[in-house]
Structures are given as structure tokens and as C-alpha cells.
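J.: Got a structure for you, questions after.
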Amino acid sequence: MQRLTLWLYGLLTWLAIPLLRAKLRRRARAEPAYGQWVPERFGHYPPHDPPHDPRLAPPASRPGAAGPLVWLHAVSLGETRTAALLLAELRAAIPGMRLLLTHGTATGRAAGQALLQAGDQQAWLPWDTPGATRRFLAHFQPRLGILMETEVWPQLVAACRAQGLPLVLANARLNAKSHAGAQRLAWLARPAYAGLTAVLAQTEADAQRLRALGAPVAGVLGNVKFDLQPSAAQQAQGRAWRAASARPVVLLASTREGEEAMWLQVLQVLQDFRSNQPIPHASPWDAAIKNEADLPRAEASPQTLWSQVQWLLVPRHPQRFDEVAALCQRAGLRLARRSQWGEQGPPAQAVDVWLGDSLGEMALYGSAAHVALLGGSFAPLGGQNLIELAACGCPVVMGPHTFNFAQAAELALAASAAQRVPDLATGLQTACSLALDATRQQQASACSLAFAQAHRGAARAMAQALAQWLQADPWFSARP
């Protein structure tokens, strides 16, 4: 029965190839990287394929680079940043290892280039068909496979198992919503999870949900993201920008589609309500906004919300930067884009919104801000990761939806590094109130730093556990 199930799934993924090709063509119009190295998506590689980065020399040029090839899959930008933390410890635990780094998104692949050393390679993870996964493994021949956090693909797991390749799900998480979805597809999900060699979970709750799907949980080692050390240069630059700002800075961090419109409408609702103007109902997020009778009357005035703080807006996805800029301008807001002010910092003239339209600078934005509103948490999107903000000493105000990072959110609440509010209207007023109170803000910032530092160490523990799967390798056992 399991073979029949896998065969039917393989047939469906094969039939979907034309749809995938069409999707890649559409995505490539906005992000050209989706149109590059397309054959890799289907397990086709030129013979003697060199690393794609021409700056990288062949393995022989790096002393000691004749070790085993370790395959690490980080699907998108967030997982790639986490993989960087684990990779540093892996290189220490497995001296001379070579890296095969795979991705599924353009932003992840772009960020991953900075992690490569001589002898390393980078590729797209192939589409989950039987032929593509077999060709992928035959071409690269890794000796250990590591999937970051959530990426479990049935054909890929089956191909690794058939070839005897150890495949470990590292920094693994599985929220309740995803667990329920996997249970509905248990005929496909259970064999995939059970086919893994081992699972290293972030939390005991994750471990319990993974075990319920048959996954071989080998340990609960914490969250690698806590090992993040924000860029010192970015932090210094951000603090300089904050000191130069005439107003406290309130950051909307990693906002998702629809959340910026929701933010603008909430501000307009609050202003119009206190001005006795009609309240508009044009946003798709109306259900998330307080009714007129429920709006707080005393905590913050429209003058506080609009004029006494500096808004810093950082969308999650780069392809939406222009869209968000246009949205703010249509609302009549004065806008300054990070991409246009260079290293000199924000313009001296007053503007309503700083738009963080850059990648890899969350430490800069978190250090510039007095407080952050957590993107993805005010609409039912599961929230974004708050750990990097906390590591920059930036306290967080989050909404009710944090199921993607449930444990980190609860730990931050317990450490007074974050506050939870029921909706965005309350969140805006809470954030502004904290930003305008220097004493409370400094206390919350200290709590954020302490919280981030208290949970480090998962990356080293996970790397040491992963190295054990190579102990039977002749190179590994023969090292001095």
C-alpha cells in the first residue's frame, strides 16, 4: 500500500511539471533568479558541474577540503540565515567538510552565496518526482543530508532511504496547524516523517507532534535562531540613526501582504473617530479592526500616533517594496526609502515613514527602533521570528497569531521581552506609549537582550549530534 501511495504521489508531481514551469516563468518576471539554472529543478546537471559562484576555487585549492560532502537544505531566506548559524558549528565539528547548499526561493539562494567556501556547491532542490530526486543524489553523492526546520518531501525521503543516505530534520518545528494538515494527509505524511533517519526538535511540543506522525525524534535541542549574533556594524549604524532621529522610532517588522493597508486604516480610523469623521470600511482587514465603540479613548491621541513617533516599515518580501511605497504615497504620507539614502542614514528633513527596502539588514532596523510591532501576528499568518529583534535589544509588541514561533513568543512574554495585544489598534497605542516612555523602554530593552542571551547553545549541540551520523564514514573515522 505504501508503494502504491508513493507511486500515485509521484505521478501527480510528474503531471504538475508544466504548471511548475509556468510558475517559474511568472516569478522570473519579478525575480530573474527564478529563471536561472532551471534544469536543476528537475535533476539535470552538466557533467563535472562546478560551483556556480566563479569566485570559488576547486576543492584542491583549500587545504583539508577533501572531507565528506554534507548536503544542507534551507528553502528560503529565513531558513538560510538559520542554516548559517548551524553551518559555522558544523564546519568546526566536521573539519574539511564540503557543503552542498540547496534552496527553493530566490532570496534564500542569494543569501546562501555568502556561506560558500572553496569546494562548496549550491543548487536548487529538485522538484519532488522520483526521477529528479534520484538524479540529484546520483550527481552530488552527499554522505549526510540535513533538512532545516520543516522541509519534508515524500519522494526525497524515499530516495535517500533507498540509497542508505542518512537524512536528518534539524531545528525541526511543527505547529498545531501544520500537524493537523499532515494528519489529514497521513497516508502520505506518515511514511515521509517515519522515513527520516532522525529528527532534532526545537521544543518538546514540536517533538510530540512529530512523534505522532511517526518521526524518529532523537532529541530536543532548542532553537538555533537564538545563537544569532547580530552584525555589530549594523547595530552601531542603527543606534546612530536612532540617536539622530527627532522622534522615537516604531518599527513594523517583516510585514506581510495586507498588513500595511491594515496599519494605515487603523491609524485613519483612530484619527477620524476622535475627529468625529465617518469611519471608512474599505479594507479587507475590517474584521480585525476595532468597532467605533470599542476604540480606546484615553491612551493615545492621533497627534501621538501620527506626529510624535517615526514610523519604520520593513516588508517581509522584497518583491513588494515598490507596492508598499506606492500604498504609503497614495495615503498622503511622506516617504524615505532606505535604498535611496545610502550609508548617510535617513534624510534630515522630516518624513512620516522610513521604508526599509533592503535585505539582510534587520539588525540595522531593530537597533534603530525603540520598539517593534511583529509582522504576521495581527492577521492569521502565524507571526515572524522575534529573536533577532530581541538580540538587538528591541522590545516587541505582537498580536494574537504567533503559531509559527509559539515557543519563542511565549518565552519572550515570560521574560518581559514582548507584550501580546488582541488587535492592531491596541498594538499601535501600546508601541507608541512604550516608545515615548524612556524609562519603560530601557527596561524592556534590557529584558529583550537578557532573553536572547539566555537560550543560546542549540547550534553547537545540534552540530555535534549531526556529526555522529558521519562517524562510520572512512574519512571521518580516520581523521587525527
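The values are calculated or read from the model by the stated rules, or taken from the named source; none is laboratory data. Keep in mind the model is a prediction, meaning the values are calculated, not measured. Reconstructed Cβ throughout: ideal geometry from the backbone, glycine too, with neighbour counts over all protein chains shown. Areas reflect the complete protein model, heavy atoms only, side chains present, ligands, DNA and RNA absent. Shrake-Rupley method; radii C 1.70, N 1.55, O 1.52, S 1.80 Å.
J.: For residue 107, only one of the following conditions fails: (1) of a type in the set (Val, Ile, Thr); (2) open to solvent by 20 Å² or more (accessible area, probe 1.4 Å); (3) under 25 Å from residue 10 (Cβ atoms). What is its number?
T.: The one condition residue 107 does not meet is (3).
J.: Residue 430 - would you say it is touching a residue at least 12 places away in the same chain (Cβ under 8 Å), within 30 Å of residue 261 (Cα to Cα) and over 22 Å from the mean Cα position of the chain (by Cα)?
T.: Taking the combined requirement at face value, the residue satisfies it.
J.: Sticking with this structure for a sec: Give the residues of segment 399-425 that are more than 20 Å from residue 173 (Cα to Cα), outside any helix (DSSP H, G or I) and open to solvent by less than 60 Å² (accessible area, probe 1.4 Å), sorted by residue number.
T.: 399, 415, 417, 418, 421, 423, listed by residue number.
J.: Name the residue, out of 46, 54, that is assigned to a loop (DSSP other than H, G, I, E, B), touching a helix residue (DSSP H, G or I) at 6+ places or on another chain (Cβ under 9 Å), modelled with pLDDT under 90 and open to solvent by 40 Å² or more (accessible area, probe 1.4 Å).
T.: Going through 46, 54 in turn, just one is assigned to a loop (DSSP other than H, G, I, E, B), touching a helix residue (DSSP H, G or I) at 6+ places or on another chain (Cβ under 9 Å), modelled with pLDDT under 90 and open to solvent by 40 Å² or more (accessible area, probe 1.4 Å): 46.
J.: Taking helices (runs of 4 or more DSSP H) that do not extend beyond segment 146-241, which have at least 2 residues that are aromatic (Phe, Trp, Tyr)?
T.: 186-194
J.: Let me ask you something else. Could you figure out which of (1) crowded, with 23+ Cβ neighbours inside 10 Å; (2) touching a residue at least 60 places away in the same chain (Cβ under 8 Å) isn't true of residue 215?
T.: Evaluating residue 215 over (1) crowded, with 23+ Cβ neighbours inside 10 Å; (2) touching a residue at least 60 places away in the same chain (Cβ under 8 Å) leaves (2) as the failure.
J.: If residue 379 meets every condition in (1) open to solvent by 10 Å² or more (accessible area, probe 1.4 Å); (2) under 15 Å from residue 253 (Cβ atoms); (3) at pLDDT below 95 apart from one, which number is that one?
T.: For residue 379, the exception is condition (1).
J.: Residue check: is residue 41 of a type outside the set (A, V, I, L, M), out of contact with any Lys or Arg (no Cβ under 8 Å at 6 or more places or on another chain), at pLDDT 90 or above and open to solvent by less than 30 Å² (accessible area, probe 1.4 Å)?
T.: Taking the combined requirement at face value, the residue satisfies it.
J.: Suppose the filter is touching a strand residue (DSSP E or B) at 6+ places or on another chain (Cβ under 9 Å), among the β-branched types (Val, Ile, Thr), in contact (Cβ under 8 Å) with a residue 24 or more places away in the chain and crowded, with 23+ Cβ neighbours inside 10 Å; does residue 75 pass it?
T.: Considered against the rule, which asks whether it is touching a strand residue (DSSP E or B) at 6+ places or on another chain (Cβ under 9 Å), among the β-branched types (Val, Ile, Thr), in contact (Cβ under 8 Å) with a residue 24 or more places away in the chain and crowded, with 23+ Cβ neighbours inside 10 Å, residue 75 comes out as no.
J.: Another question, if that's okay. Here is a list: 247, 173, 190, 184. Which entry is surrounded by 17 or more Cβ atoms within 10 Å (Cβ to Cβ), among the basic types (Lys, Arg), at negative phi and more than 24 Å from the chain's Cα centre (by Cα)?
T.: Going through 247, 173, 190, 184 in turn, just one is surrounded by 17 or more Cβ atoms within 10 Å (Cβ to Cβ), among the basic types (Lys, Arg), at negative phi and more than 24 Å from the chain's Cα centre (by Cα): 190.
J.: Name the single residue, out of those in segment 193-212 being surrounded by 15 or more Cβ atoms within 10 Å (Cβ to Cβ) and small (Gly, Ala, Ser), that is farthest from residue 153 (Cα to Cα).
T.: The selected residue is 205.
J.: For residue 333, indicate whether it is over 20 Å from the mean Cα position of the chain (by Cα) and over 20 Å from residue 206 (Cβ atoms).
T.: Yes; evaluated as a whole, the condition is true for this residue.
J.: Sticking with this structure for a sec: If residue 92 meets every condition in (1) modelled with pLDDT under 95; (2) surrounded by 18 or more Cβ atoms within 10 Å (Cβ to Cβ) apart from one, which number is that one?
T.: Status for residue 92: all satisfied but (2).
J.: Say we look at segment 433-464 and pick out the residues that are more than 16 Å from residue 408 (Cα to Cα) and open to solvent by 70 Å² or more (accessible area, probe 1.4 Å); which of these is nearest to the chain's Cα centre (by Cα)?
T.: 460
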